[in-house]
Amino acid sequence: MILLKNSNDLYKLIDSQRKKGKRNGFVPTMGALHQGHISLINFSKKENDLTICSIFVNPAQFNDPEDFEKYPKTVEKDIHLLEAAGCDILFLPSLTEVYPDQEETVRNYDLGFLETALEGKFRPGHFQGVCKVVHRLLDLVKPDTLYLGQKDYQQCMVITRLVELMKKEKEIKIVICPTLREKDGLAMSSRNTRLNDEERKKASAIYLAMNFIKENYKNDIILAVKERALKMLTETGFRVDYFEIVDAKNLTPINSWNSNKQFVILVAAFLNKIRLIDNMMLD
Ligand code: AMP
């Protein structure tokens, strides 16, 4: 695996490979890698000549300074995992490589309803920060295919929108990969390493609550099922930001079952100081 820290080096290397007709797949991450990230690398490896991973903890997308400061960093282990997975290039830039021009005017991405719904509402500015870094990385890598995890459902919608705003939807294919879970159902996440033993045991309640909805929503009044699932979370000790069953296309909450539409359960909740997010599609 080639490790690059300089954006010009990255740009030149990928450009030279592209000129040789090599297709490239890109997996942007914030590091503290786990098997969920590696599953994205595996998808890319199957479909491309060249797989590129980036690790950059992007300050622009953290609305809570403590969350940024405490974000887990395990670079040595990440490098080993990526090498073992057969990743071709790791881009590990510093802040100034990603944002060389500190004076640049702040761009505002028109994200429509995504800006204020759910994650957007609870983490103001977060998705603008996501767009800022992904825009820069896409300009550098110019991937044929971008691999994202369904774990960050709304983020997938935001990045799809960003690619449209960049007018690159014909050039960049987006592949959304399934969420990898621990044995008890907890979605793998870099933030899980910050859970203590007691919190870790409780954390699977998110999965259990979503599953409860999935198993019961067709047989009962949907809002009643949701209330019971929400209680499962709060009684476990979660402080819930949102727990919604929404239209998978536009994130508007639903009150009754409609078989013509695709629905998704979206959750964000705190166990003490650790905020976890997850989602589950309803068929
Ligand atoms: P992050 O490092 O958390 O920014 O995640 C980098 C990419 O990995 C994003 O596209 C995430 O959605 C994806 N990802 C994170 N956790 C998982 C998981 N448990 N399963 C699959 N993909 C994931």
The chain: relative contact order as a whole-number percent, Cα under 8 Å and 6+ apart: 17 percent
Label points 7 Å out from Cα along the Cβ direction at Leu95 and Arg23: separation in nm? 3.9 nm
Taking N as its residue count, the alpha carbon Rg of region 189-233 over 2.2 N^0.38 Å: 1.38
Note to self, the chain gives a 222 nm [θ] from helices alone (DSSP H runs n ≥ 4, -39500 (n - 2.57) apiece, / all residues, nearest 500) of -11500 deg cm²/dmol
Per-bin percent of Cα-Cα distances, region 63-147 [5 Å]: 3, 10, 15, 19, 22, 18, 10, 4, 0
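When Lys and Arg each count +1 and Asp and Glu each count -1, what net charge do the other residues less than 11 Å away from Leu282, Cβ to Cβ, add up to? If you can, show how the numbers build up before the last one.
Values: positive: Lys214, Lys218, Lys261; negative: Glu215, Asp247, Asp283.
Net local charge, Leu282 excluded: 0.
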Cα-based Rg (one decimal) and Dmax (whole number) for the chain, in Å? 19.3, 58
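Give me the number: length gained by fully extending Lys201 to Leu3, i.e. 0.36 nm times residue separation minus the C-alpha to C-alpha distance, one decimal in nm. Intermediate values should be presented prior to the final figure.
Details: separation 198, 0.36 × 198 = 71.28 nm, distance 3.68 nm.
That works out to 67.6 nm of additional length.
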Mind listing the long-range amide H neighbours of Ser54? Cut-off is under 5 Å, sequence gap 5 or more, other chains count too, H placed in the peptide plane at 1.01 Å from N. Val27, Thr29, Phe91
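Among Lys231/Lys261; Lys214/Lys249; Lys22/Lys46; Lys121/Lys151, which pairs are too far apart, with a Cα-Cα distance over 20 Å? Mind showing how you got there, number by number?
Working: Lys231/Lys261 26 Å; Lys214/Lys249 18 Å; Lys22/Lys46 13 Å; Lys121/Lys151 18 Å.
Over 20 Å Cα-Cα: Lys231/Lys261.
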Set Lys and Arg Cβ to +1 and Asp and Glu Cβ to -1, take the dipole of the chain about its Cα centre, and tell me which of Ser190, Val246, Asn48 lies farthest positive. Asn48
Length gained, Ser256-Lys168, 0.36 nm per residue minus C-alpha separation, equals 28.0 nm
The helix 35-47 Cα axis meets the longest alpha-carbon principal axis of the chain at an angle in degrees, between 0 and 90 and rounded to 10, of 50 degrees
Considering amide H positions built from the backbone, and no H for Pro or chain starts, which residues 5 or more places from Asn272, or on another chain, come under 5 Å of its amide H? Arg239
Angle between the Cα long axis of helix 75-85 and the longest principal axis of the chain, 0 to 90 degrees, nearest 10? 90 degrees
Cα Rg, Dmax, region 112-193, angstrom units: 13.8, 41
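Treat the count of other C-beta atoms within 10 Å as a stand-in for reagent exposure and order Ser190, Ser256 from fewest to most.
Numbers: Ser190 19, Ser256 7.
Ascending number of Cβ neighbours within 10 Å: Ser256, Ser190.
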Cα convex hull of region 1-102: how many Å³ per residue? 101 Å³
For a footprinting-style exposure proxy, rank Cys177, Cys131 by other Cβ within 10 Å, fewest first. Cys177, Cys131
Starting from 0.36 nm per residue, how many nanometres of slack lie between Asp220 and Asp110 once their C-alpha separation is accounted for? 35.8 nm
With 10 angstrom as the radius, rank Arg107, Arg161, Arg18 by how many other C-beta atoms surround their C-beta, starting from the fewest. Arg107, Arg18, Arg161
Separation in nanometres of the label points that stand 7 Å from Cα toward Cβ, at Lys77 and Asp283: 3.6 nm
If you keep only loop residues by DSSP, which GluC sites (Glu not before Pro) in region 1-110 have at most 13 other Cβ atoms within 10 Å of their Cβ? Glu103, Glu104
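Can you bin region 167-219 into rounded, prolate or oblate? Criterion: square roots of the alpha carbon gyration tensor eigenvalues sorted a ≥ b ≥ c, rounded for a/c under 1.5, prolate for a/b above b/c, oblate for the rest. Please list the in-between numbers first.
Values: a/c = 3.72, a/b = 1.44, b/c = 2.58.
Oblate.
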Rounded, prolate or oblate: which fits region 139-283, taking a ≥ b ≥ c as square roots of the Cα gyration tensor eigenvalues, rounded meaning a/c under 1.5, else prolate when a/b beats b/c? oblate
By how many degrees, between 0 and 90 and to the nearest 10, does the Cα long axis of helix 153-165 differ from the longest principal axis of the chain? 40 degrees
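Read the figures in this text as sums done on the coordinates, not as results from a lab. Given the structure is predicted, the values throughout are model-derived calculations rather than measurements. Note that we place each Cβ from the backbone using ideal geometry, even for glycine, and neighbour counts take in every protein chain shown.
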